[in-house]
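The structure under discussion appears below in the form of structure tokens.
The values are calculated or read from the model by the stated rules, or taken from the named source; none is laboratory data. In this text, all values refer to a predicted model and were calculated from it rather than measured experimentally. When we count neighbours, we look across all protein chains shown, and the Cβ atoms used for this are built from the backbone with ideal geometry, even at glycine.
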Amino acid sequence: MSLVASLLIALVALVAVGPAMAQQGVSETEIVLGCSNSFSGPLAYTGEQATRYGVDLYFKVLNDAGGINGRKVRTVYYDDGYKPQEAVANTRKLVEQDKIFAVIAPQGTAPVAATLEYLEENKVPLLFPFQGSPITRGKKYVFSGMTLYDRQSKMMVDYLVGQRKFKTFAVLYQDDDYGKAFLTAYEKDLARHNLKIAAAEPVKRGVTDVSAQIAKLRAASPQVTFLVLTPGPGAQALKERQKIGWTDTVMVSSGPLTDEKYLGLAGDAAEGVEGLSLWPDPLTSDLPGVKAYRAAMQKYFDKNEPNRYSLSGYVAAMLFGEGAKRAGRTLTRETLIGALENVKGFDSGILPPLTIGADHETQKQGFWVRVEQGRFKQLTDWLKSD
Amino acid sequence: MSLRRVWPLVALAALAVWPWVAPRYFVFLASLVLVNVVVAIGLNLLSGYTNQLSFGHAGFLAVGAYVAALTTIHAPAVPVVVTLLIAGAFTAAVGLAFGVPCLRLGGLYLSMATLAFGFVITEAILNLDTLTKGADGLRVPAARLGGWPLSSDTTRYYLTAVVAVLLVAAAVNLVRTRPGRAFLALRESEIAAQASGIPVALYKTAAFGVSAFYTGVAGGLFAFVVGFLSPDAFDVFLSVDFVVMIIVGGLGSVPGSIIGAAVVTVLYDWLAAFQNYRPLIFGTILIACMLFMPGGIVRALEPLSRRT
Amino acid sequence: MTAATIIHVVASGLATGAIYALMALSLVIIYNATRTLNFAQGEMLMMSTFVAWAVQRALGLPLVLTLVVAIVAGGVMAWLVERTIIRRAIGGTHWDVLIITVGLSLILRALAGLAWTHDEFPFPSFFPSAPIVLGPVRLAPVSVGIFGGSLALMAALWALFRFTRLGRAMRAVAQNQRAARLMGISVERMYSTSWVLAGVVGAVAGVLVAPVVFLSSKMGLIVINGFTAAVIGGFGSMPGAVLGGMFLGVLENLAPLYLPSGIRYSVPFVVLVAVLVVRPAGLVGRIERRKV
């Protein structure tokens, strides 16, 4: 065979094999990310905000500025309606059909847990899921997003018992993975201070009336009542306690609950309520990153009001951008993970400097707030959860 | 050879070679379709022949799924076929326990009772959390067939396909047997059947039990194919999905169950990219389907099959 | 539990129960006239409330006018749906219509999500939030208001069915369609009327309950409680629907007070099954006997 022919064959072989050896989801011009999330069902609002108005918002800004190392980011989303079997099917479709590079910002403990094993087996990074259960800990390809619930609980209990010297606690919690995870965490953290929960009442998701539960909690006379609910029932709980005139307890909302939606629904019943805030106020904060977020929202989705869910998606995308940028032009799943693990003191302009280490936990922060005149007033600096 | 004879052979051949020609995701999707086919047949055995529409079959699916999962977790030596039988039998027992007192109820009343059943089951799963891991969800280990774990899409697909084919064949042949003819008589007129000496109450109970058995086995398959269970998976909307499948396919018909399950599952999957438009599109298709094909797809295709 | 607490919880339960009763009534009205179940009843309620809310925000209407807008929207939407979609399904079975309403519920919920997102919104209330204090007992004005408003509507419906020609015609169609037709009653007109009536009842229920449960695309799920209430009371019977609703509302509220968390949410369904087994006609209703 002639030399020319051999060279031609070698070239053809290289071209044919080349793409097959390249990283899935990364081409010359684009990076493909995606997730299965709730666009219908009980958590449709948060799902849509975190993805289309959060992650996509940041990537729009980034792509307009040229992308990451010359590549633009494209996202693919599928609806799972909070059903784990749909999440499994969607995630498999994303990995096997859409050939995504990584999963970014899926939502919910059960839907995420259902996909964990598959993603680890197939070495697909699961980045910054919008959920706080510790099941994501210790997985090589997972980086947590939200401050995990056990850390949130630790910050809340240590602050309330240590600094505010409270001794009796009750919990009103949603009857699902989110509520029960916090209940367990509170029990553990109070036990460290030799305290017990005085009363705990579950609230079924979507129920319309919490008068019985509030009455029972009141009968236990707690100094502090934790609320681990979604904004609707959370606001109902506050209105109910206002109705019965139960003033001698401090209502404290968990991290995911402490947001402007809940305030808006509760109206004046929220006055004096406290909570752990995971984010600065997306509407009024002067932090440079939050202002940039608002400007971007105004530019691309002016009808959409800034909120914490889209803010969390925005930060998730920002973190990805930082990791991918550091990984450089040879972007593979391994280089991304390595780059993320080496993030130290990253300033998002929104949260305190983020340092991700081998524990793959990106967020460990929270600060205390109290509602005054219809807005959250910051009472402490960023609390420590280590 | 008439078309009617050829169809099943073609279908079986396609089923057998599917994993070799289809991409991995579509093998997984096919497994889901087959699981839904078994549920649809089970539901149709109840609803198509005894005119009782169940809005609680997600509850039966859940029972079968959790029983299969827990058996595999706590007694891994049990071969998967036995596990599925256990799941089916347990679910049948639950179905009978539930069905017996509700025998006298007709139509709407039974539907309401099944709706209630579905809710009670999901509550029970949520609250028996030491056993079921409740809201956190239960990871299902791989099924084992003679010592080998069925841990690939292809092996799971073949398990599902074989079980589904067997159950479909059983359902088709049911009609040829005496009990089967009794069921058909029940469908035409309960009163006439009673007058002909058919013990209606017994057959209605049996329908419940068989329907629950089918759905329980499907639940076991579901557990192995999906790999993760949680109470959120089995809500009333899933029960409604199954009802949609049999009515769109054709009430009281085995081919209807198969077609309905396949069409609805594939359509639903294909529409996933439409995110929050999906319910809109799906709902429109449902309405169009019922307006232009009343009686379901099978009835609409009847003129075709007559020519063969 | 003090007596004052129990009274408060029961009062709250009666209010929720009144809403369930209205939901049950709208389901029963349609069922009686057409022998079909409207799976989309809750979503129709949700839509009419959303439309009223949107109009109120755009034009700054007072609350009474907002209620009128809701009623008009609910009635018109129901009429349109019945005339353009449901009527065409005459060739099918009752199950076909059921699936159509399932499809409709999906469409309406998706449309609401597209128009207003799936977020939850506060809705202005007719009633002040400061509690009415009667000695040790504190009653929420909104509970009293919902209960009173629902009762007024139920009374109006009763009067409609008892004393008006339209009401009698609807009752005739419910009892025996063929005979009613022979008497010159347009059965198709009664179909439309029953849908419109159900739409109106739903609209009022929506405006009453939205301040409490907040306005959102998933507000329609309340229809399941309506079904349960209607069956407990005796499906097909309107007084049954009312009684069933009230009973269910109070039961749901008392259960958490006395039962452990494991079983309290199953109680309504256990009661439902118990009623069906022991007395399928429900508290008040009558089982129709089919003639051979």
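Which residues, taken from segment C:102-141, are of a type in the set (Ser, Thr, Tyr) and within 14 Å of chain B (Cβ to nearest Cβ)?
Of the residues in segment C:102-141, the ones of a type in the set (Ser, Thr, Tyr) are C:105, C:117, C:125, C:129.
If the condition is that a residue be of a type in the set (Ser, Thr, Tyr) and within 14 Å of chain B (Cβ to nearest Cβ), then C:SER105, C:THR117 are the ones that fit.
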- [ ] Please identify the pairs in which a residue from segment A:331-342 that is farther than 17 Å from A:GLU28 by Cα has its Cβ atom under 7 Å from the Cβ atom of a residue that is of a type in the set (Val, Ile, Thr), counting only partners at least 6 apart or on another chain.
- [x] A:LEU340/A:ILE356; A:GLU341/A:ILE356
TODO: Go through (1) surrounded by fewer than 24 Cβ atoms within 10 Å (Cβ to Cβ); (2) touching a strand residue (DSSP E or B) at 6+ places or on another chain (Cβ under 8 Å); (3) at pLDDT 90 or above and name the single condition C:THR49 misses.
DONE: (1)
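Could you run through segment C:52-65 and say how many residues are closer than 21 Å to C:LEU111 by Cβ and surrounded by fewer than 24 Cβ atoms within 10 Å (Cβ to Cβ)?
So the answer is 6.
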Task: Output for segment B:252-308, where each listed residue is more than 12 Å from chain C (Cβ to nearest Cβ), surrounded by fewer than 22 Cβ atoms within 10 Å (Cβ to Cβ), within 18 Å of C:LEU106 (Cβ to Cβ) and at pLDDT 90 or above - done: B:VAL263, B:VAL266, B:LEU267, B:ASP269, B:TRP270
Task: Segments classed as helices (runs of 4 or more DSSP H), wholly inside segment C:206-292, with at least 1 members that are at pLDDT 90 or above and closer than 25 Å to C:ALA159 by Cβ - done: C:223-233, C:238-258
TODO: Return a yes/no flag: does segment B:227-234 have any residue that is closer than 28 Å to B:ILE86 by Cα and either out of contact with any Leu (no Cβ under 9 Å at 6 or more places or on another chain) or free of Cβ contacts under 8 Å to residues at least 40 places away in the same chain (or both).
DONE: yes
Task: Positions within segment C:64-113 being within 17 Å of C:LEU197 (Cα to Cα) and among the acidic types (Asp, Glu), in sequence order - done: C:GLU82
Task: Failed item, numbered, when B:ASP129 is tested on (1) surrounded by 19 or more Cβ atoms within 10 Å (Cβ to Cβ); (2) more than 30 Å from B:SER253 (Cβ to Cβ); (3) modelled with pLDDT under 90 - done: (1)
- [ ] Scan segment B:200-233 for residues that are under 13 Å from B:ALA58 (Cα atoms) and at the interface with chain A (Cβ under 9 Å from one of its Cβ atoms) and jot them down.
- [x] B:PHE222, B:LEU229, B:SER230, B:PRO231, B:ASP232, B:ALA233
Task: helices (runs of 4 or more DSSP H) within segment A:245-341 that include 3 or more residues at pLDDT 95 or above and surrounded by 15 or more Cβ atoms within 10 Å (Cβ to Cβ) - done: A:288-300, A:308-327, A:333-341
- [ ] Determine whether segment A:275-291 contains at least one residue that is within 14 Å of chain C (Cβ to nearest Cβ) and closer than 30 Å to A:TYR173 by Cα.
- [x] no
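Regarding segment A:35-52, can at least one residue be identified that is more than 14 Å from chain C (Cβ to nearest Cβ), out of contact with any His (no Cβ under 8 Å at 6 or more places or on another chain) and either surrounded by fewer than 24 Cβ atoms within 10 Å (Cβ to Cβ) or without any contact (Cβ under 8 Å) to a residue 24 or more places away in the chain (or both)? So that I can check it myself, show each step before the final result.
Initially, segment A:35-52 is screened for residues more than 14 Å from chain C (Cβ to nearest Cβ), giving A:35-36.
When the remaining residues are screened for being out of contact with any His (no Cβ under 8 Å at 6 or more places or on another chain), the result is A:35-36.
When the remaining residues are screened for being either surrounded by fewer than 24 Cβ atoms within 10 Å (Cβ to Cβ) or without any contact (Cβ under 8 Å) to a residue 24 or more places away in the chain (or both), the result is none.
For segment A:35-52, residues more than 14 Å from chain C (Cβ to nearest Cβ), out of contact with any His (no Cβ under 8 Å at 6 or more places or on another chain) and either surrounded by fewer than 24 Cβ atoms within 10 Å (Cβ to Cβ) or without any contact (Cβ under 8 Å) to a residue 24 or more places away in the chain (or both): absent.
Rundown of residues vs (1) without any contact (Cβ under 8 Å) to a residue 12 or more places away in the chain; (2) in a helix (DSSP H, G or I); (3) under 30 Å from C:PRO280 (Cα atoms), yes/no style:
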{"site": "B:PHE119", "(1), (2), (3)": "no, yes, yes"}
{"site": "B:ILE125", "(1), (2), (3)": "no, yes, yes"}
{"site": "B:ARG144", "(1), (2), (3)": "no, no, no"}
{"site": "B:TYR157", "(1), (2), (3)": "no, yes, no"}
{"site": "B:GLN194", "(1), (2), (3)": "yes, yes, yes"}
{"site": "B:LYS204", "(1), (2), (3)": "no, yes, yes"}
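Check every one of the helices (runs of 4 or more DSSP H) wholly within segment C:79-183 and list those with 2 or more residues that are of a type in the set (S, T, N, Q) and buried (at least 16 other Cβ atoms within 10 Å of the Cβ). Even if it seems obvious, please write down each step before you answer.
Values: elements: C:94-116, C:141-163, C:165-175, C:177-182.
Ranges flagged: C:94-116, C:141-163.
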